[in-house]
1. Find how many whole Å separate the alpha carbon centroid of region 937-952 from the alpha carbon centroid of region 428-490.
2. Between (1) 109, 74, 52; (2) 118, 75, 73; (3) 149, 93, 78, which entry matches Cα extents along the principal axes in Å as derived from the coordinates of this structure?
3. Just add up the charged neighbours of R539: K/R +1, D/E -1, any other residue whose Cβ is under 14 Å from the Cβ of R539.
4. In straight Cα distance, which lysines are under 27 Å from K903, not counting same-chain residues fewer than 8 positions off?
5. Quick one: work out Rg over Rh on the C-alpha atoms of region 890-967, Rh as Kirkwood radius.
6. If each of T91 and R759 carries a label point 7 Å out from its Cα toward its Cβ, how far apart are those two points in nm?
7. Sorted by packing (mean other beta-carbon atoms within 10 Å per residue), highest first, where do 574-585, 146-157 land?
8. Return H1042, H597 ranked ascending by Cβ neighbour count within 10 Å, so the fewest neighbours appear first.
Amino acid sequence: MHSSRRQRSIFFAAIWALALIIASGPLFAQAPTGTIEGTITDRNGSIVANAHISLVSRATGVHRELAGTANGRFRFSALPVGEYSITIDSTGFAPFLEDAIQLTVDGTIRIDAVVVPATLQQSVVVHAGTENIDLATNTLGKTVTQREIVDLPLNGRNFAQLGLLQTGVAPLTSGLLTEGGSLRAGQSYVVNGQRPEANNFILDGAQNVDRMDGGFALRIPIDALQEFRILTATASPEYGGNIGSITTIVTKSGTPHYHGTVYEFFRNDILDTRNYFSQGVEPLKQNQYGVTVGGPALGKRLFFFSYYEGLRNRAGITTSATVPTAAQQAGDFSANATPLLNFAAGGTPFPGGKLPAGALSPVGLNVARFYYAGNTSPSVYTSTLVGTNNYDQTGLRLDLHHTDADSYFLRYSYFTGFNLNPISVRGSDLPGFPTRDDYAVHSAVIGNTHLFGAHMSNNVQTSFFRYGFLFDQRLNQNGPRTLGFNYDSASAIGQGPPFFNLSGYSPVGGAITGPRTSVQNTYEVSDTLSLSHGSHLLRFGGDFVRNQFNLFQSVAPNGFFVFASSFPTNDAFANLLLGAPVLFYQGLGSFDRGVRHWGLAAFATDEYRVAPRLTINAGLRYEIINPNTEIHDRLNAFVPGQQSTKHPEAPVGLLYPGDTGIGKGIAKTDYLGFGPRVGFAWDTFGTGKTSIRAAYGIFYDPFSNGSNVTAQGPISSLPYAQFVQISGQVNFAAPYTGRTVPQPNTFTQPATAFTMDPRATPSNAQDWNLGIQQDLGAAFVLEARYVGTKGTHLPRNIEANPAVFGPGATSSNADRRRQYANCRPNNGPCDFATVGELTYGQNSTYHAAQVSVSRSFQHGIGMNVSYWWSKTLDYLSSMNLQGASAKPLSGENDLAQNPFNLKGEHGPSLFDARNRFVASVIWQVPFASHTTGLTRVLLNGWQLNAIAVANSPTPFTVYDSTNVSLQASSPPISGYFASRPNLIGNPNQGPHTVAQWISPSAFQRLNPATQAGQFGNSGRNVARAPAFTNVDASAVKDFLLHETTSLQFRAEMFNVANHANFGVPIADLASPNFGRVLQSGSPRLMQFAAKILF
């Protein structure tokens, strides 16, 4: 009867698992569990069969029991992460006890127990400590211990900084972080050559991903974290949904005893040094405070853990901008390096290099007043402005151990805050155009783990994630008419000054795009069935996910003007004074959208212990990958020559969902998302001290992944959005002169579109690695490995309607020269201007040699030291590197230089950190341990912690905004032309000073008269910016207040050496400040803290 019931349980469990595999989805999450397994032998190596094994959680006291097999093996699967002790009893042998077994997410701990006869010894006790050598899995990535999480000096106390301690993990470049602003705040790092938006973040087994922009959204306090780990490569089939790394975070849970912390971290500028480019110490007032508490709620079955943290920050931000000199402001360009030429008069110089006073535009003079007079040099203005960053967050976790076979957990977290930005990432580097961001995050997850006997378990959980983000709200709402323009803003909430982009100068005006309001709702259900059978640990499961994005985003609501140095003069500021732009662009119409996405996936994997020394891991993941859809089909494709049947009034080539060959999400659903994962782990000598591991896997990325990519296509869809693009002869003060403002839901001529390639297939990456781990003794472990990745079908935005150069080509007729402009004769209207297109045709490669030495914390010291040499090549390093931003800080343009030769963009990635060194250490200072009295109180018990980083220079691209190639502009993709010069020397020979990091002599600018229409031979990212080095340190001491209560004092110093880490220099050869560095990282900052621990 018992056997029959057991068989029925197994049968129904199998049916349940099969049903989930059939109806399951992209597994963005996996239950935060692990496995403890092993073999029992005697001193002679003979198998000890049918032992009794008991496992106990040291945190909660919950225990499991099972009987060993006839071959001496045992396995506990689906265990919550934490610390365990194991007891083994076998007839005729002394009890075996091993404690302090630390189990991590997705980890497998192997315990090969050796028992002795009871006649020789009463018991065998082993203190495990941290398991160092991985003898079972193929996932790369190290777990950051609880001590490291809490004790290491983290600037800003952001958990993502823990990731940068890992081998193969590199930071985003400072320029990209600055340019991305709040949109990239959660991306944090790049891993093994993959793009920063390709990383996945899992919190307590549930998704914590901002799918609007990439990266994490909810930043849990450091004191609420139990575990942090990045799976850097070849994650098991349970994981998917992205081609990059998997960051898994587990929050603390309650225990049978009450415990917690009360803390405050304090900063003040009186403790700091001056930023390299600021005139004085940047203002700083910061308080970061919080409380955590956990313990039993109902007897020994229900436990709780709760937290609160607040931040109040007012910090100085130093920026520099290239501005016209005082003489240029007055119309005098006689001091320019080249004469001021009047191309409208055949290229003759202006007499005396001065503009005629009667030719100056009153509106142009009004705009010119936005520029401040240079204070660092005649053409550089530097200012320090104060920004605000405040947040509050709270959370509660409940763990219920209902029975030994059933456990549940529930967690809810809430985060809210705002930023006041004196400088917008979408606007000018000059003061006067501040913005505000508001954000709120809700995250809830509930899960159940059920044991079907000793060898089968099931974990099911469901989660809800909501992220509301109001980005770049205008605080300067003075519209175009306040400057003398004869047109209005297209958006009441987006009203502000127009944006003015000047070749060779810093832009001025309000942000180009925005504000953006978005609310993401993510619903997820996942299930994993684990079955231990002999030498096999089998796991099956799947997931369903549903994403909703309700959003609004204005695009150029106040107008966007481009002034080039090609017409009517060779100086863009002079053209501003003359009121002669080459382009006017404004977005009209409706910009509210409802974007939807769902996905399905299933997996099966087997951890097969082929022999005592060899484990093979093999599995398969299958994903159905859907493109995003819009609730009213407000999406566009571009297929030249095909007429839409859904909107027959649309210009030929512009298509919609439902047209022939066009899917609901433009691209077709991909049903070929097969991701095999295979690898082995070999205990080379059978001692458990040497492990050779190798693995290979295929991973898939979702469509529309990256900064603002989810919104970009839907909000730009025609005719719901309307983009007025006027080039050539533009009436500056009244650009609509001779034109009518288009009626809602009508097509403009020319139409400016942003589309998606209907032939797109989802991105995928292949990961492979081979490595060795060696136990060096004394808790030291050496690991050396080779890691390779290849990205395929990676996305980029291209200009699908480029200008074709030919006789008579000028910058003024660029729009009429477009390949599919379809312009009417006699200067008649055209069908299309720029057509941006999201395509999936790029590749990337990464190869690295990675070496690390680690020491688990024992006897007062622990450390991690790693070094790697790597090479990353790609065609584009990330989506929307500049996008609609006003400042080319990232070092790379989203546009290809030559739209007819995308292969010409192959070069080093922005994240090509050839050499990177990272070290962290925790040391309990022993020198006062034998003192007494007050000396002992003051000097004993100090702990010193440090993090040191050295990174080789980041690449960047040198360009020439003069646009000698005479390509047409592409406002939906980039506000900057992508023309490059000729390379005639080594750009990295120096002089490497702040005033001139790279020399213009390494480049040859193309001649606008004799080389018009040509592209330079300089490659993408051939130049290198300054390297990065930094040391952070802290000193910590605990003062005992009571038996279980102590006061902790902390002093932390960031950038101990006060080393200036410079940003990317000005890369535009048209700028008078080409090669000059204008930005630097933080100077030395001090922080003090007090904690009460109980």
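1. What the calculation gives is 36 Å, centre to centre.
2. Computing Cα extents along the principal axes in Å and matching it to (1) 109, 74, 52; (2) 118, 75, 73; (3) 149, 93, 78 gives (1).
3. Taking every Cβ under 14 Å from that of R539, the sum is -4.
4. K668, K790, K871, K887
5. Working: Rg = 26.3 Å, Rh = 18.0 Å.
Ratio of gyration radius to Kirkwood radius for region 890-967: 1.47.
6. Rounded to a tenth, the inter-label distance reads 7.3 nm.
7. 574-585, 146-157
8. The fewest-first ordering by Cβ neighbours comes to H1042, H597.
Throughout, read-outs are computed from the coordinates displayed, never taken from laboratory work. Owing to the predicted nature of the structure, the values given are computational and were not obtained by experimental measurement. No Cβ is skipped: glycine too gets one built from the backbone with ideal geometry, and neighbour counts run over all protein chains shown.
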